[in-house]
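The values are calculated or read from the model by the stated rules, or taken from the named source; none is laboratory data. On a predicted model such as this, the values are computed, not experimentally measured, just so you know. All Cβ positions, glycine included, derive from the backbone under ideal geometry; neighbour counts span all protein chains shown.
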Amino acid sequence: MEFLETLYNEIVGFFNFNGLIEIIETDNYKALLTQDGIGKALGPLIPVLLLVEIIRALFYRRLTFTQYKISFFTYVFNRFISRFISIGMVGLCIAFFEPYAIFKTEFTWYWFIYGYVVWEFAHFIYHFLGHKVRLFWCLHSTHHAPEYMNLSVTYTHFFLEGPYADIIRTTICILLGVNPPLLFLIMFIDGTWGAFIHIGENIMVDARLGFLNKIILTPSHHRVHHAKNPLYMDTNFCNLLNIWDKAFGTLQDEKHEEAIEYGITRPMKSGDFLDAYFGEITLLLKDVYQAPTLKDKVLYIFMPPGWHHSGNHKTATIVKKEYFDSVKG
Ligand SMILES: [Zn+2]
Ligand SMILES: [Zn+2]
(Lines give C-alpha, C1' and ligand atoms only; values in the text may rest on other atoms or scores of the structure.)
(Ligands and ions follow the chains in the order given, each with its own letter.)
Protein backbone atom coordinates (compact mmCIF):
# COMPACT_ATOMS: atom_id res chain seq x y z
CA MET A 1 0.00 0.00 0.00
CA GLU A 2 2.86 2.30 0.85
CA PHE A 3 4.22 1.70 -2.64
CA LEU A 4 0.90 2.70 -4.23
CA GLU A 5 0.74 5.81 -2.08
CA THR A 6 4.29 6.78 -3.09
CA LEU A 7 3.41 6.16 -6.73
CA TYR A 8 0.25 8.30 -6.41
CA ASN A 9 2.23 11.12 -4.78
CA GLU A 10 4.93 10.88 -7.45
CA ILE A 11 2.34 11.13 -10.25
CA VAL A 12 0.50 14.07 -8.66
CA GLY A 13 3.90 15.65 -7.97
CA PHE A 14 5.09 15.13 -11.55
CA PHE A 15 1.97 16.72 -12.98
CA ASN A 16 2.22 19.62 -10.49
CA PHE A 17 -1.44 19.23 -9.61
CA ASN A 18 -0.98 20.04 -5.89
CA GLY A 19 -1.32 23.82 -6.21
CA LEU A 20 -4.36 23.60 -8.47
CA ILE A 21 -6.06 21.02 -6.20
CA GLU A 22 -5.46 23.34 -3.25
CA ILE A 23 -7.11 26.28 -5.06
CA ILE A 24 -10.14 24.15 -6.02
CA GLU A 25 -10.51 22.57 -2.57
CA THR A 26 -10.35 25.89 -0.76
CA ASP A 27 -12.59 27.60 -3.35
CA ASN A 28 -9.97 30.35 -3.42
CA TYR A 29 -10.22 31.26 -7.11
CA LYS A 30 -9.13 34.82 -6.38
CA ALA A 31 -5.68 33.35 -5.88
CA LEU A 32 -5.57 32.86 -9.65
CA LEU A 33 -5.07 36.60 -9.98
CA THR A 34 -1.85 36.50 -7.96
CA GLN A 35 1.58 35.56 -9.27
CA ASP A 36 1.65 32.55 -6.95
CA GLY A 37 -1.81 31.44 -8.17
CA ILE A 38 -0.86 31.80 -11.85
CA GLY A 39 2.22 29.70 -11.11
CA LYS A 40 0.09 27.00 -9.49
CA ALA A 41 -2.44 27.05 -12.34
CA LEU A 42 0.24 26.80 -15.03
CA GLY A 43 2.26 24.18 -13.15
CA PRO A 44 0.61 21.19 -14.90
CA LEU A 45 1.00 22.79 -18.38
CA ILE A 46 4.23 21.14 -19.51
CA PRO A 47 3.61 17.68 -17.93
CA VAL A 48 0.13 17.56 -19.49
CA LEU A 49 1.55 18.66 -22.83
CA LEU A 50 4.08 15.83 -22.54
CA LEU A 51 1.20 13.40 -21.98
CA VAL A 52 -0.58 14.78 -25.08
CA GLU A 53 2.66 14.36 -27.03
CA ILE A 54 2.90 10.69 -25.98
CA ILE A 55 -0.79 10.04 -26.73
CA ARG A 56 -0.46 11.62 -30.19
CA ALA A 57 2.61 9.51 -30.89
CA LEU A 58 0.65 6.44 -29.79
CA PHE A 59 -2.25 7.44 -32.01
CA TYR A 60 -0.02 7.83 -35.07
CA ARG A 61 1.80 4.59 -34.10
CA ARG A 62 5.07 6.49 -33.87
CA LEU A 63 5.68 5.81 -30.19
CA THR A 64 8.72 3.76 -29.27
CA PHE A 65 10.06 3.50 -25.75
CA THR A 66 13.56 4.29 -27.05
CA GLN A 67 12.50 7.90 -27.61
CA TYR A 68 11.74 8.29 -23.91
CA LYS A 69 14.09 5.77 -22.33
CA ILE A 70 17.01 8.01 -21.30
CA SER A 71 14.66 10.74 -20.10
CA PHE A 72 12.51 8.31 -18.15
CA PHE A 73 15.39 6.66 -16.30
CA THR A 74 17.07 10.03 -15.69
CA TYR A 75 13.88 11.37 -14.13
CA VAL A 76 13.40 8.30 -11.92
CA PHE A 77 17.07 8.32 -10.87
CA ASN A 78 17.00 12.05 -10.04
CA ARG A 79 13.82 11.61 -7.99
CA PHE A 80 15.57 8.84 -6.12
CA ILE A 81 18.63 11.00 -5.40
CA SER A 82 16.46 13.94 -4.34
CA ARG A 83 15.13 11.77 -1.49
CA PHE A 84 18.57 12.00 0.06
CA ILE A 85 19.86 15.38 -1.00
CA SER A 86 18.31 18.58 -2.15
CA ILE A 87 20.57 21.50 -2.83
CA GLY A 88 18.88 24.90 -2.57
CA MET A 89 21.48 27.08 -4.24
CA VAL A 90 19.10 29.91 -5.21
CA GLY A 91 18.29 30.79 -1.58
CA LEU A 92 21.92 30.47 -0.51
CA CYS A 93 23.20 32.71 -3.31
CA ILE A 94 20.55 35.35 -2.64
CA ALA A 95 21.38 35.43 1.09
CA PHE A 96 25.11 35.56 0.39
CA PHE A 97 25.32 38.03 -2.51
CA GLU A 98 22.39 40.44 -1.97
CA PRO A 99 24.44 42.79 0.28
CA TYR A 100 26.94 43.18 -2.59
CA ALA A 101 24.39 44.14 -5.28
CA ILE A 102 25.61 47.14 -7.29
CA PHE A 103 22.19 48.84 -6.90
CA LYS A 104 18.60 48.03 -5.97
CA THR A 105 15.75 47.50 -8.41
CA GLU A 106 12.01 47.50 -7.81
CA PHE A 107 9.12 45.39 -9.01
CA THR A 108 8.23 47.55 -12.03
CA TRP A 109 7.87 46.78 -15.75
CA TYR A 110 11.08 48.53 -16.78
CA TRP A 111 13.13 46.74 -14.14
CA PHE A 112 11.44 43.54 -15.31
CA ILE A 113 12.87 44.13 -18.80
CA TYR A 114 16.27 44.92 -17.30
CA GLY A 115 16.04 41.79 -15.12
CA TYR A 116 15.14 39.59 -18.07
CA VAL A 117 18.07 40.85 -20.13
CA VAL A 118 20.43 40.23 -17.18
CA TRP A 119 18.88 36.79 -16.58
CA GLU A 120 19.40 35.80 -20.23
CA PHE A 121 23.01 36.97 -19.97
CA ALA A 122 23.52 34.85 -16.85
CA HIS A 123 21.83 31.92 -18.57
CA PHE A 124 24.09 32.38 -21.60
CA ILE A 125 27.20 32.29 -19.36
CA TYR A 126 26.08 29.13 -17.50
CA HIS A 127 25.06 27.40 -20.72
CA PHE A 128 28.14 28.46 -22.72
CA LEU A 129 30.48 27.20 -19.98
CA GLY A 130 28.43 24.00 -19.86
CA HIS A 131 29.53 23.40 -23.45
CA LYS A 132 33.05 24.81 -23.33
CA VAL A 133 34.49 23.58 -20.01
CA ARG A 134 34.88 19.81 -19.91
CA LEU A 135 33.98 19.51 -16.21
CA PHE A 136 30.74 21.43 -16.72
CA TRP A 137 30.03 19.48 -19.93
CA CYS A 138 29.98 16.37 -17.72
CA LEU A 139 27.03 17.96 -15.91
CA HIS A 140 25.29 19.28 -19.04
CA SER A 141 25.86 16.46 -21.53
CA THR A 142 23.10 14.26 -20.06
CA HIS A 143 20.64 16.84 -21.38
CA HIS A 144 22.09 16.47 -24.87
CA ALA A 145 22.30 12.67 -24.87
CA PRO A 146 18.74 11.84 -26.12
CA GLU A 147 18.69 11.18 -29.85
CA TYR A 148 15.12 12.41 -30.16
CA MET A 149 13.37 15.62 -29.27
CA ASN A 150 10.27 15.60 -27.12
CA LEU A 151 9.09 17.26 -23.93
CA SER A 152 10.59 14.54 -21.74
CA VAL A 153 14.05 15.93 -22.65
CA THR A 154 13.25 18.91 -20.44
CA TYR A 155 13.45 16.55 -17.44
CA THR A 156 16.73 15.03 -18.57
CA HIS A 157 19.49 16.59 -16.51
CA PHE A 158 22.39 15.33 -14.40
CA PHE A 159 21.39 15.95 -10.79
CA LEU A 160 24.18 18.45 -10.14
CA GLU A 161 23.43 20.57 -13.19
CA GLY A 162 20.60 22.44 -11.44
CA PRO A 163 22.78 23.64 -8.53
CA TYR A 164 25.61 24.53 -10.95
CA ALA A 165 23.24 26.58 -13.13
CA ASP A 166 21.64 28.21 -10.10
CA ILE A 167 24.96 29.35 -8.62
CA ILE A 168 25.99 31.14 -11.82
CA ARG A 169 22.58 32.55 -12.80
CA THR A 170 21.45 33.64 -9.34
CA THR A 171 24.81 35.16 -8.42
CA ILE A 172 25.06 37.24 -11.61
CA CYS A 173 21.43 38.43 -11.35
CA ILE A 174 21.66 39.33 -7.66
CA LEU A 175 24.99 41.13 -8.05
CA LEU A 176 23.56 43.10 -10.96
CA GLY A 177 20.71 44.26 -8.76
CA VAL A 178 17.79 42.05 -9.86
CA ASN A 179 15.66 41.82 -6.71
CA PRO A 180 14.49 38.34 -5.56
CA PRO A 181 10.70 38.69 -6.27
CA LEU A 182 11.54 39.90 -9.80
CA LEU A 183 14.06 37.06 -10.17
CA PHE A 184 11.46 34.44 -9.15
CA LEU A 185 8.95 35.81 -11.68
CA ILE A 186 11.58 35.74 -14.45
CA MET A 187 12.66 32.22 -13.41
CA PHE A 188 9.06 31.05 -13.63
CA ILE A 189 8.46 32.52 -17.11
CA ASP A 190 11.82 31.37 -18.40
CA GLY A 191 11.45 27.93 -16.83
CA THR A 192 8.08 27.44 -18.54
CA TRP A 193 9.39 28.66 -21.90
CA GLY A 194 12.60 26.67 -21.43
CA ALA A 195 10.49 23.53 -21.03
CA PHE A 196 8.15 24.35 -23.93
CA ILE A 197 11.01 24.74 -26.43
CA HIS A 198 11.58 20.97 -26.10
CA ILE A 199 8.26 20.26 -27.79
CA GLY A 200 8.77 17.38 -30.22
CA GLU A 201 7.92 16.73 -33.84
CA ASN A 202 4.94 14.61 -32.74
CA ILE A 203 3.09 17.78 -31.79
CA MET A 204 4.82 20.42 -33.87
CA VAL A 205 6.50 19.42 -37.11
CA ASP A 206 7.80 22.89 -37.99
CA ALA A 207 8.60 24.72 -34.76
CA ARG A 208 9.74 28.04 -36.25
CA LEU A 209 6.53 29.74 -35.02
CA GLY A 210 6.34 32.02 -38.08
CA PHE A 211 7.57 35.57 -37.65
CA LEU A 212 8.45 34.88 -33.98
CA ASN A 213 11.49 32.96 -35.26
CA LYS A 214 12.96 36.33 -36.25
CA ILE A 215 12.57 37.98 -32.86
CA ILE A 216 12.84 35.30 -30.15
CA LEU A 217 14.32 31.84 -29.68
CA THR A 218 11.73 29.29 -30.76
CA PRO A 219 11.57 25.50 -30.26
CA SER A 220 13.15 25.34 -33.74
CA HIS A 221 16.21 27.22 -32.43
CA HIS A 222 16.44 24.88 -29.47
CA ARG A 223 16.21 21.84 -31.76
CA VAL A 224 19.22 23.33 -33.55
CA HIS A 225 20.97 23.63 -30.18
CA HIS A 226 20.39 19.91 -29.53
CA ALA A 227 21.80 18.91 -32.94
CA LYS A 228 25.20 17.34 -33.47
CA ASN A 229 25.54 18.55 -37.09
CA PRO A 230 28.75 20.63 -37.32
CA LEU A 231 26.75 23.59 -38.67
CA TYR A 232 24.51 23.55 -35.59
CA MET A 233 26.98 22.62 -32.82
CA ASP A 234 27.42 25.14 -30.00
CA THR A 235 24.77 27.60 -31.16
CA ASN A 236 21.61 29.12 -29.61
CA PHE A 237 22.64 29.17 -25.95
CA CYS A 238 19.86 31.58 -24.93
CA ASN A 239 16.37 30.57 -23.87
CA LEU A 240 13.83 33.18 -24.95
CA LEU A 241 15.53 36.43 -25.93
CA ASN A 242 18.13 36.01 -28.65
CA ILE A 243 20.11 39.17 -27.87
CA TRP A 244 23.14 37.49 -26.34
CA ASP A 245 23.37 34.87 -29.08
CA LYS A 246 23.26 37.76 -31.53
CA ALA A 247 25.85 39.71 -29.55
CA PHE A 248 28.25 36.75 -29.30
CA GLY A 249 27.62 35.46 -32.84
CA THR A 250 26.12 32.12 -31.82
CA LEU A 251 22.63 32.53 -33.27
CA GLN A 252 21.78 29.86 -35.87
CA ASP A 253 18.46 29.36 -37.67
CA GLU A 254 17.24 25.89 -38.66
CA LYS A 255 18.00 25.35 -42.34
CA HIS A 256 15.58 23.40 -44.52
CA GLU A 257 18.48 21.73 -46.35
CA GLU A 258 20.25 20.63 -43.15
CA ALA A 259 18.12 18.06 -41.28
CA ILE A 260 18.72 17.95 -37.54
CA GLU A 261 20.53 14.96 -36.06
CA TYR A 262 19.95 14.93 -32.31
CA GLY A 263 22.50 13.80 -29.75
CA ILE A 264 26.18 14.21 -28.92
CA THR A 265 29.12 13.63 -31.22
CA ARG A 266 31.04 10.96 -29.31
CA PRO A 267 30.12 7.32 -29.97
CA MET A 268 27.35 6.48 -27.53
CA LYS A 269 25.48 3.34 -26.63
CA SER A 270 22.17 4.36 -28.15
CA GLY A 271 19.43 4.84 -25.57
CA ASP A 272 21.71 3.73 -22.72
CA PHE A 273 20.88 5.56 -19.48
CA LEU A 274 24.16 4.83 -17.69
CA ASP A 275 26.17 6.05 -20.69
CA ALA A 276 24.00 9.18 -20.98
CA TYR A 277 24.32 9.93 -17.28
CA PHE A 278 27.85 8.89 -16.36
CA GLY A 279 29.57 8.43 -19.75
CA GLU A 280 31.25 11.85 -19.90
CA ILE A 281 32.49 11.69 -16.31
CA THR A 282 33.99 8.25 -16.87
CA LEU A 283 35.78 9.47 -20.00
CA LEU A 284 37.08 12.58 -18.24
CA LEU A 285 38.42 10.53 -15.33
CA LYS A 286 40.12 8.21 -17.81
CA ASP A 287 41.73 11.13 -19.68
CA VAL A 288 42.90 12.74 -16.44
CA TYR A 289 44.35 9.44 -15.25
CA GLN A 290 46.16 8.80 -18.53
CA ALA A 291 47.44 12.37 -19.05
CA PRO A 292 51.26 12.38 -18.88
CA THR A 293 51.79 15.57 -16.84
CA LEU A 294 50.00 17.34 -14.00
CA LYS A 295 49.43 20.33 -16.28
CA ASP A 296 47.70 18.11 -18.85
CA LYS A 297 45.54 16.58 -16.12
CA VAL A 298 44.34 20.04 -15.08
CA LEU A 299 43.87 21.14 -18.68
CA TYR A 300 41.65 18.12 -19.39
CA ILE A 301 39.28 19.30 -16.65
CA PHE A 302 38.99 22.90 -17.83
CA MET A 303 39.61 22.88 -21.58
CA PRO A 304 36.68 22.35 -24.00
CA PRO A 305 35.46 18.80 -24.70
CA GLY A 306 37.60 17.30 -27.49
CA TRP A 307 40.85 18.88 -26.25
CA HIS A 308 43.73 16.38 -26.33
CA HIS A 309 47.18 16.64 -24.72
CA SER A 310 48.81 15.46 -27.98
CA GLY A 311 47.56 18.58 -29.74
CA ASN A 312 45.24 16.51 -31.91
CA HIS A 313 42.12 18.33 -30.75
CA LYS A 314 38.57 17.56 -31.83
CA THR A 315 36.77 20.45 -30.18
CA ALA A 316 33.51 21.82 -31.60
CA THR A 317 35.36 24.92 -32.82
CA ILE A 318 37.75 22.77 -34.88
CA VAL A 319 35.00 20.44 -36.16
CA LYS A 320 32.98 23.47 -37.25
CA LYS A 321 35.96 25.08 -38.96
CA GLU A 322 36.68 21.87 -40.89
CA TYR A 323 33.03 21.71 -41.90
CA PHE A 324 32.94 25.33 -43.16
CA ASP A 325 36.25 24.82 -45.01
CA SER A 326 34.86 21.71 -46.72
CA VAL A 327 31.65 23.52 -47.72
CA LYS A 328 33.66 26.44 -49.15
CA GLY A 329 36.25 24.23 -50.80
ZN1 LIG B 1 23.22 22.84 -24.18
ZN1 LIG C 1 17.42 21.57 -24.14
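Couple of notes before you dig in:
- Residue 74 outside any helix (DSSP H, G or I), in contact with a helix residue (DSSP H, G or I) (Cβ under 7 Å, 6 or more places away or on another chain) and buried (at least 18 other Cβ atoms within 10 Å of the Cβ): no
- Any chance residue 144 is modelled with pLDDT of 95 or more, crowded, with 22+ Cβ neighbours inside 10 Å, of a type outside the set (Phe, Trp, Tyr) and within 11 Å of ligand 2 (Cβ to nearest atom): yes
- Of all residues making up region 57-72, the number that are within 26 Å of residue 193 (Cβ to Cβ) and either in contact with a Leu (Cβ under 9 Å, 6 or more places away or on another chain) or hydroxyl-bearing (Ser, Thr, Tyr) (or both): 3
- Taking region 114-137 as the range and being over 25 Å from residue 184 (Cβ atoms), in a helix (DSSP H, G or I) and either of a type in the set (Phe, Trp, Tyr) or within 13 Å of ligand 1 (Cβ to nearest atom) (or both) as the test, the residues that pass are 131, 132, 137.
- A count restricted to region 229-249 and to residues that are free of Cβ contacts under 8 Å to residues at least 40 places away in the same chain and not small (Gly, Ala, Ser) stands at 6.
- Residue check, residue 148 within 14 Å of the chain's Cα centre (by Cα) and under 30 Å from residue 85 (Cα atoms): no
Residue by residue, here is whether (1) within 14 Å of ligand 1 (Cβ to nearest atom); (2) more than 25 Å from residue 193 (Cβ to Cβ); (3) out of contact with any helix residue (DSSP H, G or I) (no Cβ under 8 Å at 6 or more places or on another chain) holds:
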{"residue": "231", "(1), (2), (3)": "no, no, no"}
{"residue": "237", "(1), (2), (3)": "yes, no, no"}
{"residue": "240", "(1), (2), (3)": "no, no, no"}
{"residue": "248", "(1), (2), (3)": "no, no, no"}
{"residue": "251", "(1), (2), (3)": "no, no, no"}
{"residue": "255", "(1), (2), (3)": "no, no, yes"}
{"residue": "264", "(1), (2), (3)": "yes, no, no"}
{"residue": "269", "(1), (2), (3)": "no, yes, no"}
{"residue": "272", "(1), (2), (3)": "no, yes, no"}
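Here is a yes/no grid of residues against (1) modelled with pLDDT of 95 or more; (2) farther than 18 Å from residue 209 by Cβ; (3) in contact with a Lys or Arg (Cβ under 6 Å, 6 or more places away or on another chain):
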| site | (1), (2), (3) |
| --- | --- |
| 225 | yes, no, no |
| 238 | yes, no, no |
| 252 | yes, no, no |
| 260 | yes, no, yes |
| 269 | no, yes, no |
| 277 | yes, yes, no |
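- Number of the exception - residue 240 against (1) surrounded by fewer than 16 Cβ atoms within 10 Å (Cβ to Cβ); (2) closer than 20 Å to residue 140 by Cα: (1)
- Tally of residues being touching a residue at least 24 places away in the same chain (Cβ under 8 Å) and out of contact with any Ser or Thr (no Cβ under 6 Å at 6 or more places or on another chain) across region 293-306: 5
- Note on region 209-228: among residues that are on the phi < 0 side of the Ramachandran plot and surrounded by fewer than 19 Cβ atoms within 10 Å (Cβ to Cβ), the one that is nearest to ligand 1 (Cβ to nearest atom) is 228.
- Scanning region 7-23 for residues that are surrounded by 11 or more Cβ atoms within 10 Å (Cβ to Cβ) and either assigned to a helix (DSSP H, G or I) or touching a Leu at 6+ places or on another chain (Cβ under 7 Å) (or both) yields 9, 10, 11, 12, 13, 14, 18, 19, 20, 21, 22, 23.
- Selection status of residue 150, more than 14 Å from ligand 2 (Cβ to nearest atom), at pLDDT below 95 and within 30 Å of residue 63 (Cα to Cα): no
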